[in-house]
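The values are calculated or read from the model by the stated rules, or taken from the named source; none is laboratory data. Worth saying up front: this structure is predicted, and the values here are computed from it rather than measured. Methodologically, a virtual Cβ is constructed for each residue, glycine included, from the backbone with ideal geometry; neighbour enumeration extends over all protein chains shown. Heads up: the accessible areas ignore ligands, DNA and RNA and are worked out on the full protein's heavy atoms, side chains in. Shrake-Rupley method; radii C 1.70, N 1.55, O 1.52, S 1.80 Å.
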Amino acid sequence: MTLLREPDHGTPDRTGAVEARSVTVEIDGTAVTVPAGTSVMRAAGLAGVEIPRLCATDSLEPFGSCRLCLVEIEGRKGTPASCTTPCGPDMIVTTQSPRLQRLRRGVTELYASDHPRDCLTSDTHRECELRALAKTVGLTDVRYGTGGKNHLDAAKDESNPYFTFDPTECIACSRCVRACDEVQGTFALTIAGRGFGSTVSASAGEPFMESECVSCGACVQACPTSALQEKAVIALGPPERTVLTTCAYCGVGCSFKAELRGEEVVRMVPQKAGGANEGHSCVKGRFAWGYASHRDRQLSPMVRESITDPWRNVSWDEAISYAASRLTAIQAEHGVRSIGGITSSRCTNEEVFVVQKMIRAAFGNNNVDTCARVCHAPTGYGLSQTFGTSAGTQDFKSVQQADVILLIGANPTDGHPVFASRLKQRLRKGAALVVVDPRRIDLVRSPHVEAAQHLQLSPGSNVAMVNALGHVVVTEGLVDRAFVEQRCEADSFARWEQFIARPENSPESTEQITGVPAEQVRTAARLYATAPNAAIYYGLGVTEHSQGSTTVMGMANLAMATGNIGRAGVGINPLRGQNNVQGSCDLGSFPHELPGYRHVSNDAARQIFEQKWARTLDPEPGLRIPNMLDAAIGGTYRGMFIQGEDIAQSDPNVKHVKAALAALDLLVVQDLFLNETAAFAHVFLPGTSFLEKDGTFTNAERRINRVRPVMEPRCGKQEWQVACDLASAMGYPMHYDDGSQIMDEIAATTPTFAGVSFARLDEMGSLQWPCNAAAPDGTPTMHVDGFVRGKGHFVDTPFVPTDERTSRKFPLILTTGRILSQYNVGAQTRRTPNVQWHNEDVLEIHPHDAEERGILDGATVAITSRVGQTVLRARIADRMPQGVVYTTFHYPGSGANIVTTDNSDWATNCPEYKVTAVQVMPTSQAPASDQSLQESAPVQLGLVQT
Ligand code: SF4
Ligand code: SF4
Ligand code: SF4
Ligand code: FES
């Protein structure tokens, strides 16, 4: 499509504001009805009348500083600003008159007198609303000249790798400041100085890069001139066309306008109409897409006989037929179940569906698993046991109606930044936050946000904490009896009520386990249970534990007991990790479930696929990833296809993972880069970046978003084509003309997707499943009139301590997580300028623990667990509680997963990443992460198509 300019009506939409009344006004003779509270400027825009403006934009509250949007209102004196004037009943507004034209021209002239002349007179690269405005108001000459006092020699701030600030083009409209405050919630900018000396200042007059700025890009988007501008636009020129697509990083699933000039991506701009993000973004989606053209991309298939041989570039045909013949030979010798594969939650729904189909229909077994095994498998298990479906209950927008938010084991400002901004907006409007986390995450206290409670529990004690909260609800008479009687099973509730009321679940008893004072827990429980709307949001700090599934069920019990399910502002909401982890789970990536979470032993479900695929399917569940690895070491599992997943870096107990991979007769890896896992591969198949894919991703709110290609696959094939070719070469012909045909097959076989098609997604923008005859436009909130399973099911959740205990030898608990600028194993973000924020994994340690060990800030330390040792640089951080240390795993060299154990969730085998007993001591060895630094190669700003 040509360059998409989304409409900007100047001030925010007031639909759904507290006052539901509407008013009718007349603008230049046209009557328009709008919600009460709508500005005259917005009403005019809706009536098709654009009022000139500079300081207003509809993502921000009106400010009224530029005085350009003046109008005349019958019966009122003067010329009020239309952006700050709300519509009144029967108002008659005039937006064009000689007086208004004269006033606007005068104001524009003043702005222009302190603005680069070439901006107004020539068609430079700049995107400048002032230039457009000068044309609108008929300004041809600036009487004041530019010889007087001005800002035209002020120095540029080029410190940020992605955008510049050029004060000469700044008109001090404050849009950037307000975007940073209102939209992003970082409060990094201010207008310093007064009057003519006013200027934008990051933090205390620092360069952007050294300020609190987190590079979300909201200020750049809001800037009406080119004062804040993407460096890529300056280097490559303004974009000419748009392709609508979806971010490929986290489970928020932000919609973006990929803007291109010729064949090059010039920038990614968050889409205002995007359901998940509504025009906002974080540094990763907005700026860190250059990895797609990084020189490390492996674009040719490769083959080698042994993992000690050098790679040989080969044709696609040779690579596919080599992989197919070796997989077939392994099966002939060792049986049908001796091979399997892993789907990728970074890939599209269509790619995932085709890979699991290849495994079930062509390999003939259910040995398929996905990275959800190591992140949100407990969510799937816990929510399906209690509610009957394996997904979050709300859309992100729902948080705007929550009065109390219980945030457990999640750090959204780093992990899910766009959701964090929404959450902060709600908190600034008065909602209360309870943080349950061992670390003092940013949301505990950040500008204009302070948690009502921080339950700083010991790692591994989530179940005891959730039980204590439930205990208070039950014993203090806070149960929503009407909801429970109407919506939940009487018998399981009665059993749970007795269980949870036992003394061992009281806050006073669990205090020994959680370390959190009982009174604090009681206060938090009352807050949650008595709020009109209380919502739970959680992350991997819940799931990646030996009792991950138990905690999920405990939270579900809590929500049901207090009636916090089935409407906006409440619910249980997993903050999903990878961009398409929801989709990969939905579409049959688990060894026991066909697409749509139907058990493989379910004859009726199997028959649907058997008919469609013309193959008899295995009714026995296949192997989970940990079982695959154990069986590889045991010699019964010998061939594996791994798509877009670097298990040699991301999975726990790396030594064990590598031993298993090395034991395989054949490993086929498909990826963008030669990752750690590829070191054990015999066949390497190149993959496609999100900029080449044509399909859909499903985000954490069950929203199916289109991913549209901005370029042909650089390796020559879509990933689903590769799986089809491999299946066909193994004797099971698979063919699709395009991604939409795959979605049609998903819709035909999976009831929750029955109403989904590319055409419908193009029409609606996105759809939240279930989307079928009963819900043709999708389902933003689940379990509204009843639970998917019928009645809500309570599950008793006894606390069982993890086997991983601290001891004299291993006295500290290591917990892991991620950081804003890097993503997961870092394969993408390490290949972008994001390395400027985080170029190595470090170990955060409490000052007291550091002092006890003689560890100084920046010193290298050895971290030793029962399974391994790694060396990192230490950072002394008082946000850590005493006795707990923390690191990230974005760099392969740092080896956080060398020390994590293979303890796992009892129900799903999700690894217990969050609890590893370690010792930390100073060492003279070099940090393991030093090796990783060498990978930080420069990247191109745009994409050069090859
Ligand atoms: S990039 Fe984002 S965080 Fe940084 S100053 Fe702009 S709005 Fe604020
Ligand atoms: S940098 Fe842009 S948005 Fe910020 S005050 Fe200047 S002109 Fe306005
Ligand atoms: S919040 Fe997640 S989906 Fe949105 S831009 Fe950032 S990484 Fe991408
Ligand atoms: S747009 Fe109304 S005062 Fe600036």
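Working only within segment 21-52, note down all residues that are part of a loop (DSSP other than H, G, I, E, B) and touching a Ser or Thr at 6+ places or on another chain (Cβ under 8 Å). Walk me through it before giving the result.
Initial filter on segment 21-52 (part of a loop (DSSP other than H, G, I, E, B)): 21, 28-29, 36-38, 47-52.
Passing the criteria: ASP28, ALA36, THR38, ALA47, GLY48, VAL49, ILE51, PRO52.
How many residues does segment 310-362 hold that are closer than 18 Å to PRO621 by Cα and not in a helix (DSSP H, G or I)?
6
Identify, from the list GLN828, GLN934, GLN925, GLN836, the residue that is modelled with pLDDT under 90, under 27 Å from PHE287 (Cα atoms) and open to solvent by 40 Å² or more (accessible area, probe 1.4 Å).
GLN934
Take the conditions in a helix (DSSP H, G or I) and of a type in the set (A, V, I, L, M, F, W, C) and apply them to ALA524. Does it pass?
Against the criterion (in a helix (DSSP H, G or I) and of a type in the set (A, V, I, L, M, F, W, C)), ALA524 qualifies.
Could you list, in sequence order, the residues of segment 797-816 that are closer than 30 Å to THR386 by Cα and buried (at least 16 other Cβ atoms within 10 Å of the Cβ)?
THR797, PHE799, THR802, GLU804, THR815, THR816
Consider SER215 carefully, then state whether it is within 16 Å of ligand 4 (Cβ to nearest atom) and open to solvent by less than 30 Å² (accessible area, probe 1.4 Å).
Working: within 16 Å of ligand 4 (Cβ to nearest atom): no; open to solvent by less than 30 Å² (accessible area, probe 1.4 Å): yes.
Judged against the criteria, SER215 is not a match.
Only one residue in GLY858, GLY893, GLY942 is at pLDDT below 80 and in a loop (DSSP other than H, G, I, E, B), so which one is that? So that I can check it myself, show each step before the final result.
On the way: GLY858 fails: at pLDDT below 80; GLY893 fails: in a loop (DSSP other than H, G, I, E, B).
That would be GLY942, the only listed residue that is at pLDDT below 80 and in a loop (DSSP other than H, G, I, E, B).
Quick check on segment 188-203: of everything there that is under 20 Å from PRO161 (Cα atoms) and more than 10 Å from ligand 2 (Cβ to nearest atom), which residue is surrounded by the most Cβ atoms within 10 Å (Cβ to Cβ)?
Looking at the filtered set, the residue picked out is ALA202.
Can you tell me which residue within segment 58-108, out of those that are at positive phi and in contact (Cβ under 8 Å) with a residue 40 or more places away in the chain, is surrounded by the most Cβ atoms within 10 Å (Cβ to Cβ)? First the steps, then the outcome.
At the first step, the residues of segment 58-108 found to be at positive phi are 64, 67, 75, 78, 90.
Right, trim to in contact (Cβ under 8 Å) with a residue 40 or more places away in the chain and you get 67, 90.
Numbers: ARG67: 17, ASP90: 12.
Here the answer is ARG67.
Would you be able to say whether some residue in segment 291-311 is under 30 Å from ASN705 (Cα atoms) and of a type in the set (Phe, Trp, Tyr)?
First, pick out the residues of segment 291-311 that are under 30 Å from ASN705 (Cα atoms): 291-301.
Then drop every residue that is not of a type in the set (Phe, Trp, Tyr), which leaves 291.
Yes, that holds for at least one residue.
Inside segment 705-734, can you point out the residues that are part of a helix (DSSP H, G or I), open to solvent by 50 Å² or more (accessible area, probe 1.4 Å) and under 26 Å from GLY755 (Cα atoms)?
Within segment 705-734, just GLN721 meets the criteria.
Matching residues to (1) away from ligand 4 (no atom under 16 Å from the Cβ); (2) out of contact with any Pro (no Cβ under 8 Å at 6 or more places or on another chain); (3) farther than 21 Å from LEU103 by Cβ; (4) open to solvent by 40 Å² or more (accessible area, probe 1.4 Å):
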{"residue": "MET1", "(1), (2), (3), (4)": "yes, yes, yes, yes"}
{"residue": "PRO12", "(1), (2), (3), (4)": "no, yes, yes, no"}
{"residue": "THR15", "(1), (2), (3), (4)": "yes, no, yes, yes"}
{"residue": "THR30", "(1), (2), (3), (4)": "yes, yes, yes, yes"}
{"residue": "VAL34", "(1), (2), (3), (4)": "yes, yes, yes, no"}
{"residue": "ALA43", "(1), (2), (3), (4)": "no, yes, no, no"}
{"residue": "ARG53", "(1), (2), (3), (4)": "no, yes, no, no"}
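Please specify each residue of segment 207-232 satisfying the condition of being away from ligand 3 (no atom under 16 Å from the Cβ) and more than 23 Å from HIS115 (Cα to Cα).
Correct list: MET209, GLU210, SER211, GLU212.
For segment 528-566, which positions are part of a helix (DSSP H, G or I) and of a type in the set (Ser, Thr, Tyr)?
Scanning segment 528-566 gives TYR528, THR530, THR543, SER549, THR550, THR551.
So, in segment 255-271, how many residues would count as being open to solvent by 10 Å² or more (accessible area, probe 1.4 Å) and within 16 Å of ligand 1 (Cβ to nearest atom)?
Summing the residues that are open to solvent by 10 Å² or more (accessible area, probe 1.4 Å) and within 16 Å of ligand 1 (Cβ to nearest atom) in segment 255-271 gives 2.
In the list ASN505, ASN564, ASN573, ASN533, which residue meets the criterion of being in contact with a Ser or Thr (Cβ under 8 Å, 6 or more places away or on another chain) and surrounded by 18 or more Cβ atoms within 10 Å (Cβ to Cβ)?
ASN573
Got a sec? Which of GLY583, GLY622, GLY588 is at positive phi and in contact (Cβ under 8 Å) with a residue 24 or more places away in the chain?
Selected residue: GLY588, the only one of GLY583, GLY622, GLY588 that is at positive phi and in contact (Cβ under 8 Å) with a residue 24 or more places away in the chain.
Residue by residue through segment 192-214, note down the ones that are of a type in the set (A, V, I, L, M, F, W, C), near ligand 1 (Cβ under 10 Å from one of its atoms) and free of Cβ contacts under 8 Å to residues at least 40 places away in the same chain.
VAL200
Can you tell which of ALA258, ALA276, ALA292 is away from ligand 4 (no atom under 16 Å from the Cβ), part of a loop (DSSP other than H, G, I, E, B) and in contact (Cβ under 8 Å) with a residue 24 or more places away in the chain?
ALA276 is the lone residue from the list that is away from ligand 4 (no atom under 16 Å from the Cβ), part of a loop (DSSP other than H, G, I, E, B) and in contact (Cβ under 8 Å) with a residue 24 or more places away in the chain.
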